[in-house]
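Notes follow once the structure below has been shown.
No value in this document is a laboratory result; all are computed from the given coordinates. These numbers come from a predicted model, not from an experiment. Cβ placement follows ideal geometry from the backbone for every residue including glycine, while neighbour counts extend to all protein chains displayed.
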Amino acid sequence: MGLLDSVLSQVLGGMQGSNPAGVPGGGNAALLQAVLGLLGNDAPGGGLGALVAGFQRHGLGDVISSWISTGQNQPITPDQLGRVLGADTLSALTQQTGTHSADLLGQLSQLLPQVIDQLTPHGQVPASGLGSTSDLLGMLGPR
């Protein structure tokens, strides 16, 4: 089992079959793809750097910094994450994943800290960013 599978199974646990399309596990892959689409250098919103800036604008810079650092991850509520992401991003993510916004924010509030933590093992964002979405999939994929 690769890191991708491990993170998904830890976070999503019993939710594997809950996607609206009824495709077992399909929602998990779409959710992870959506998360990586937020973080990659090729992300429409600017990737992890832009996400960090959004957290800072909403007074939550310490939260995302804890995910990047080597210490313990601070939690985020679905409502807080929804404010950071904004309506347009949330709408795009719900379309991409086929998940209702409340469910999506609940899942993202658990998954996003772990994925960011795994992608920044040295406690900082690389100067060149995290790479493209496909690069990120490779980092989290089977080892």
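Structure notes:
- Taking amide H atoms as placed 1.01 Å from N in the peptide plane, the amide H of Ser132 lies under 5 Å from those of Asn41, each 5 or more residues away in sequence or on another chain.
- Using only the C-alpha atoms, the convex hull of the stretch 27-130 corresponds to 87 Å³ per residue.
- All other residues whose Cβ lies under 13 angstrom from that of Leu108 are scored, Lys and Arg at +1 and Asp and Glu at -1, for a net of -1.
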